[in-house]
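Notes follow the structure.
The values are calculated or read from the model by the stated rules, or taken from the named source; none is laboratory data. On a predicted model such as this, the values are computed, not experimentally measured, just so you know. Cβ atoms come from the backbone with ideal geometry, glycine included; neighbour counts cover every protein chain shown.
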Amino acid sequence: MSFKPPGQCTACGEWVPRGAVACDDCGACAKSGWKENREVYDGLDLPDDDDFDYDEFVSREFGAAKPRRGMNRELFWRWVAAIVLAVMVLGYLVAAF
């Protein structure tokens, strides 16, 4: 089948606008043949969307979140502000005397 946009993608059913070279949703194009069936992906052993648990994947791949050590941002910026203020006051006092 020869598909020419605009129209519904023959692979996924999403709307393909006029002048588009490929489907924005599934990537089907004239080179890939605008395949009408998705059976070409059956042998890839990809997980179904319903079976995928992102939080479980992250904890399995990266481990449990560890508490951060060191200074947090708020405390860091308070120290920076205090140092800048001290330098300004010191500069004023040196210039005044």
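The one condition from (1) surrounded by 11 or more Cβ atoms within 10 Å (Cβ to Cβ); (2) in a loop (DSSP other than H, G, I, E, B); (3) modelled with pLDDT of 80 or more that Arg18 does not meet is (1).
Name the single residue, out of those in the range 38-97 being outside any helix (DSSP H, G or I) and surrounded by 10 or more Cβ atoms within 10 Å (Cβ to Cβ), that is modelled with the highest pLDDT.
Step one: filter the range 38-97 for residues outside any helix (DSSP H, G or I), giving 38, 45-48, 52-53, 63-72, 97.
Checking the rest, the ones that are also surrounded by 10 or more Cβ atoms within 10 Å (Cβ to Cβ) come to 38, 52-53, 71.
Numbers: Arg38: 53, Phe52: 78, Asp53: 82, Met71: 68.
The qualifying residue modelled with the highest pLDDT is Asp53.
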